[in-house]
Amino acid sequence: MGKAAPGALTPLGVAVLAVLSERSMHPYEIYQLLVARREDRLVKVRPGSLYHAVARYAELGLVREVGTDREGNRPERTVYELTDCGWQALRNRVAELLGSGERDYPNFPLALAEAHNLPKDEVIELVNRRIARRELDIGELDMITRWAGERAVPRRYWIEVEYTRAVLTTEKQWMERLVDELTSGQLPWESFDPATGGRLPQADGCPKMHLPSSFPPPGSALTTLNDDEESDTHVR
């Protein structure tokens, strides 16, 4: 009955095995169900990748063929079920993800860290665009919440929706404050030459940006950076 091992389950793998833990089905049905449940908000769901994942997990003994299914004149489709090994792999991976404190390294914090390289007006426009996107996302989550409530879907099946809404709402509110600070001038920004795009001398007369060469390591107390010491500054 063995097998399994090569690597941890991918996010798509978790979604696939979770669906198969409900009942046996063929890969295209898995795909349809994931899309219908809007799981594509959480993982990239593409037919090709999903079929490849199912075939891979069959090789590893996480799922197995249990027959075929045919609809009308369509070709037969192979039906799969979750094995005991697959069930344990799913439970182990979910537990690992829940308890893990590892960083996700999303793109937005990186963009914020380097946003000072763009003109203020452009930053305001781009952040406002992201705010509008978040408003749509939150509206969609509210729709899912209402739908689940009207059908008395047990809350344990959609607590992720609550979590995602809370995260997106916090992000949206923070971005709105950022736009307000940039618009009012409360947050000073760098100036750029409209013709060349080059950075102009700043209000303090410094032609270049000064950043600390390093920040305190994780767990250490914050210390005051001495701008007079060359070792504490980095010019770029």
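Nothing in this text is a laboratory measurement; each read-out follows from the coordinates by a stated rule. On a predicted model such as this, the values are computed, not experimentally measured, just so you know. As a convention, Cβ positions derive from the backbone with ideal geometry for all residues, glycine included, and neighbour counts pool all protein chains shown.
A few points about this structure:
- Residue match in region 77-86 (condition: out of contact with any helix residue (DSSP H, G or I) (no Cβ under 8 Å at 6 or more places or on another chain), part of a helix (DSSP H, G or I) and within 30 Å of A58 (Cβ to Cβ)): yes
- Test for V127: is it surrounded by 17 or more Cβ atoms within 10 Å (Cβ to Cβ), β-branched (V, I, T), under 20 Å from the mean Cα position of the chain (by Cα) and closer than 25 Å to G198 by Cβ: yes
- Residue in region 94-107 that is β-branched (V, I, T), more than 16 Å from the chain's Cα centre (by Cα) and within 30 Å of F192 (Cβ to Cβ) present: no
- Just one residue in the set A148, A132 is touching a Phe, Trp or Tyr at 6+ places or on another chain (Cβ under 7 Å), within 19 Å of R41 (Cβ to Cβ) and free of Cβ contacts under 8 Å to residues at least 24 places away in the same chain; that residue is A148.
- Any chance L90 is out of contact with any helix residue (DSSP H, G or I) (no Cβ under 6 Å at 6 or more places or on another chain) and either within 30 Å of R130 (Cα to Cα) or among the aliphatic types (A, V, I, L, M) (or both): no
- Residue within region 163-171 that is of a type outside the set (S, T, Y), under 21 Å from the mean Cα position of the chain (by Cα) and exposed (fewer than 13 other Cβ atoms within 10 Å of the Cβ) present: yes
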